[in-house]
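Structure first, then comments.
All of the numbers you see were taken from the coordinates with simple rules; none came from a lab. Bear in mind the structure is a predicted one, so any value in this text is a computation, not a measurement. Cβ sites come from the backbone with ideal geometry, for glycine too, and all protein chains shown count toward neighbours.
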């Protein structure tokens, strides 16, 4: 598998107030990791900005106009989410990186892609910026894939926070399977086990709310189940909301995932993509606020997606899975009608 990384030094032009966790240094980490990948012969590509029509597949045009009107200004949209003079352009470019990654994977056999971006996106809702997010990058990417004619797209979100915006984008839609593991209860307060979709989309939202303190072994248990569901759904493309704030060192989350295990989680999902959809997998970054953990986790994911580290080289963790067992026990009554768990 060949990996293409889509990223830009423009991420550093989105500024946040002093002390904010989604700080400009995250962009600097991404550029260092991208440079390392380029040095070893990897493809690193500057993305195009998403068009308004790309973004409007997910967001109301009034919301797009609201973010556009902040151009040139620093505005507090809520207590966590701040624009700076360049934020609108940078957010369009982040969404465009996710779209560009989908285009590359769907156009090139044997290619995977990573959109290494900031600001993140999975909290952004149709009419609302929140949780450091302005446009929902991964939802925009999924909608683009559907517009390209795909009939089954899966999104897997292992960020420590629930992707409320992604869930709401596809809640009634059976063509997009959304699977999320997340700390619960925790920001933004959504993602309970009984949130499984509505109407024709019932059963196509899968939430694994986990108690704080989850370990590599707990996540392994959850993601073995996740992969089983993916194989039943048989997607034509798998998208990963690759947030690293479930890392043991992250200042916001309360989980205990190791750097290496983010590689293994990605490898499990990529193996399902190999089985279901010719390896068509795109990862899009979300959170991750300890800089060392962010750098290491990005390297682990890149090594998996470009084939340098196969799944067989990543040992399955051992130990208690009590938190995962409780999560699956809570989810099973709501999901067993739709999936073999």
Subset of segment 138-161 [part of a loop (DSSP other than H, G, I, E, B), more than 23 Å from residue 14 (Cβ to Cβ) and under 14 Å from the mean Cα position of the chain (by Cα)]:
158
Within segment 229-258, which residues are in contact with a strand residue (DSSP E or B) (Cβ under 7 Å, 6 or more places away or on another chain) and part of a helix (DSSP H, G or I)?
229, 230, 233
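Quick check on this structure: which one of 208, 135 is outside any helix (DSSP H, G or I), under 21 Å from residue 117 (Cβ atoms) and touching a helix residue (DSSP H, G or I) at 6+ places or on another chain (Cβ under 8 Å)? Walk me through it before giving the result.
On the way: 208 fails: under 21 Å from residue 117 (Cβ atoms).
After ruling out the rest, the residue left standing is 135.
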Residue within segment 51-72 that is more than 26 Å from residue 127 (Cα to Cα) and in a loop (DSSP other than H, G, I, E, B) present
no
Matching residues, segment 327-341, being more than 14 Å from residue 219 (Cβ to Cβ) and either without any contact (Cβ under 8 Å) to a residue 60 or more places away in the chain or assigned to a helix (DSSP H, G or I) (or both)
329, 330, 331, 332, 333, 334, 335, 336
Regarding segment 24-38, can at least one residue be identified that is touching a residue at least 24 places away in the same chain (Cβ under 8 Å), outside any helix (DSSP H, G or I), at negative phi and surrounded by fewer than 21 Cβ atoms within 10 Å (Cβ to Cβ)?
no
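Can you name every residue in segment 305-321 that is more than 20 Å from residue 280 (Cα to Cα), without any contact (Cβ under 8 Å) to a residue 60 or more places away in the chain and surrounded by 14 or more Cβ atoms within 10 Å (Cβ to Cβ)?
If we filter segment 305-321 for residues that are more than 20 Å from residue 280 (Cα to Cα), which is where we start, we get 313-321.
Now restrict to residues that are without any contact (Cβ under 8 Å) to a residue 60 or more places away in the chain: 313-315.
If the condition is that a residue be more than 20 Å from residue 280 (Cα to Cα), without any contact (Cβ under 8 Å) to a residue 60 or more places away in the chain and surrounded by 14 or more Cβ atoms within 10 Å (Cβ to Cβ), then 314 is the only one that fits.
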Restrict the check to segment 104-120 and report whether at least one residue is more than 12 Å from the chain's Cα centre (by Cα), closer than 22 Å to residue 9 by Cβ and assigned to a strand (DSSP E or B).
yes
When you look at residue 165, is it within 17 Å of the chain's Cα centre (by Cα), under 23 Å from residue 229 (Cβ atoms) and surrounded by 24 or more Cβ atoms within 10 Å (Cβ to Cβ), yes or no?
yes
Could you say which residue among 97, 145 is under 30 Å from residue 248 (Cα atoms), surrounded by 24 or more Cβ atoms within 10 Å (Cβ to Cβ) and in contact with a strand residue (DSSP E or B) (Cβ under 9 Å, 6 or more places away or on another chain)?
97
Filtered residues of segment 281-299 (kept if farther than 13 Å from residue 247 by Cα and assigned to a helix (DSSP H, G or I))
299
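Could you tell me whether residue 301 is touching a residue at least 12 places away in the same chain (Cβ under 8 Å), within 16 Å of residue 239 (Cβ to Cβ) and in contact with a strand residue (DSSP E or B) (Cβ under 7 Å, 6 or more places away or on another chain)?
Working: touching a residue at least 12 places away in the same chain (Cβ under 8 Å): yes; within 16 Å of residue 239 (Cβ to Cβ): yes; in contact with a strand residue (DSSP E or B) (Cβ under 7 Å, 6 or more places away or on another chain): yes.
Against the criterion (touching a residue at least 12 places away in the same chain (Cβ under 8 Å), within 16 Å of residue 239 (Cβ to Cβ) and in contact with a strand residue (DSSP E or B) (Cβ under 7 Å, 6 or more places away or on another chain)), residue 301 qualifies.
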Residues in segment 270-295 that are on the phi < 0 side of the Ramachandran plot and surrounded by fewer than 22 Cβ atoms within 10 Å (Cβ to Cβ): how many?
8
Verdict on residue 129 being under 16 Å from the mean Cα position of the chain (by Cα) and under 22 Å from residue 288 (Cα atoms):
no
Going residue by residue through segment 298-317, is there one that turns out to be over 30 Å from residue 116 (Cβ atoms) and in contact with a helix residue (DSSP H, G or I) (Cβ under 6 Å, 6 or more places away or on another chain)?
no
